[in-house]
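Enquirer: Have a look at this one.
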C-alpha cells in the first residue's frame, strides 16, 4: 500500500514538473514571437537619395514616382535632384545624403578623400558621349585626325575618354587634332551653329537638344562603341562609364536591409525606364530633369543601365585604370581598394 502511495506521489510530482517545464517553454516561445514581431514592425529607415540632373537621375524616376505616391512602405525615401556635382559631394561627405548617383570617377575620388567612407552599389549609366557634325566627314575615330573638335569637360571624364580613344587610334590629342574646350555644352552647340563643317563632342541629352535646334547635325560616332572596339580579346574588359550609385559605408553597415531594398527597387525602376520610353519620358519631364519631348528622343541613347556585383567591379575597375593612366588625380590619386565595391553581407 505504501509503495502504491509512493508511486502515485512520484507520478504527480513528475506531471507537475512536466507542466512547469511546458509553461517555461511557452513563455520562451511567447518572448521569441514578441521579439520577432517587434523586429518586423520596426520603423522604416529614412533613406536620403541624391542624383545629378541628367541621365544619372533618369533611371530613378519610376522609383521616385512610387515614393511620392506612397506606394513604398518598406523605407522612407527622400529624393533630391542636384544641378551640379558640387552640391552632391559635400552632402555625401557630411552625411546629409546616404545614397547618391555620381560620375564614376568622382566615386573613386570620394573614396580616397574620405578614406573609404563610400562604396559603389552599381553602375547606372554607360557612356553618353557622342561625336556630332554638320557634314559627313567622320566615319571612324581615325577620321578625327586633323580636325577641330568643340568640347566641354576639360579636366574631367570627357577629356580623358576622348584622349584615350584618340591615342588608341594613333592620334596625338596634343598635336594631331585641335580641341577647343568650352565651359558648357551649350557653348559647343552655339559653336556648331557658326561652323558649317563643325565637329563637337556632346553628351546626351544635349545631343538631342542640339539636333532639334540644328537639323543638319548628325551623330558621327558613339564613343561607347568606339571604346568597346578597343577592348579586343582582353581577359578583363573595361567600359566607358558615366555614372554609378554610391552609398555611405556607415549607412550600409547600419542598414543593410535598406540598402538591399533600394537596390532591388532601383533595378526595377531602370528596367521600367528602358522598356517604357514614352511613360518614363513623362516622369523625367515631371521631375524637371529635361523636358518630356527631349527625354522621349534621348532616353534610348542615354545608356541607362543597372550593373552590380562582379560585372560592376570588372567594368568599373578597368575604366578607373584607364583614367589613372591619363591623370591620377582624376581618380583621387590611386585606385580604390576592393572594399570600394559593395557586396551584400
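Just so it is clear, none of the values below were taken in a lab; they were calculated from the coordinates. Just so it is clear, the model here is predicted, and its values are computed rather than measured. Note: ideal-geometry Cβ built from the backbone for every residue, glycine included; neighbour counts use all protein chains shown.
Enquirer: Extending each Cα 7 Å along its Cβ direction at residue 71 and residue 282, get the distance between those two points in nm, one decimal.
Expert: Label-label distance for residue 71 and residue 282, simple model: 1.2 nm.
Enquirer: Packing-wise, with mean Cβ within 10 Å as the measure, how do 174-180, 266-272 rank, highest first?
Expert: Listed from highest to lowest mean packing, they are 266-272, 174-180.
Enquirer: Any idea what angle helix 277-286 forms with the longest principal axis of the chain, computed on alpha-carbon atoms, 0 to 90 degrees, nearest 10?
Expert: For helix 277-286, the angle is close to 90 degrees.
Enquirer: Could you work out the helix-only [θ] at 222 nm for the chain, with each DSSP H run of four or more residues adding -39,500 (n - 2.57) and the total divided by the number of residues, to the nearest 500 deg cm²/dmol?
Expert: On the way: 14 runs with 168 residues, N = 345.
Calculated from helices alone, the mean residue ellipticity at 222 nm is -15000 deg cm²/dmol.
Enquirer: Mind jotting down a quarter of the surface of the convex hull over the alpha carbons of the range 129-229, in square nanometres, one decimal?
Expert: Mean orientational projected area (the range 129-229, Cα hull): 5.6 nm².
Enquirer: Okay, moving on. Under Stokes-Einstein, with the Kirkwood radius over Cα pairs standing in for Rh, what whole-number D in µm²/s applies to the range 61-166 at 37 °C and 0.692 mPa s?
Expert: Once the numbers are plugged in, D ends up at 191 µm²/s.
Enquirer: Return an integer: the convex hull volume of the alpha-carbon atoms of the chain, in Å³ per residue.
Expert: 180 Å³
Enquirer: Treating only the Cα positions of the range 259-314 as identical point scatterers, give the base-10 log of I(q)/I(0) from the Debye formula at each q in 0.14, 0.20, 0.24, 0.27 Å⁻¹.
Expert: With no solvent term, the Cα-only Debye profile gives -0.43, -0.76, -0.93, -1.04.
Enquirer: What does the convex hull of the alpha-carbon atoms of the range 219-345 project to on average, in nm²?
Expert: 10.0 nm²
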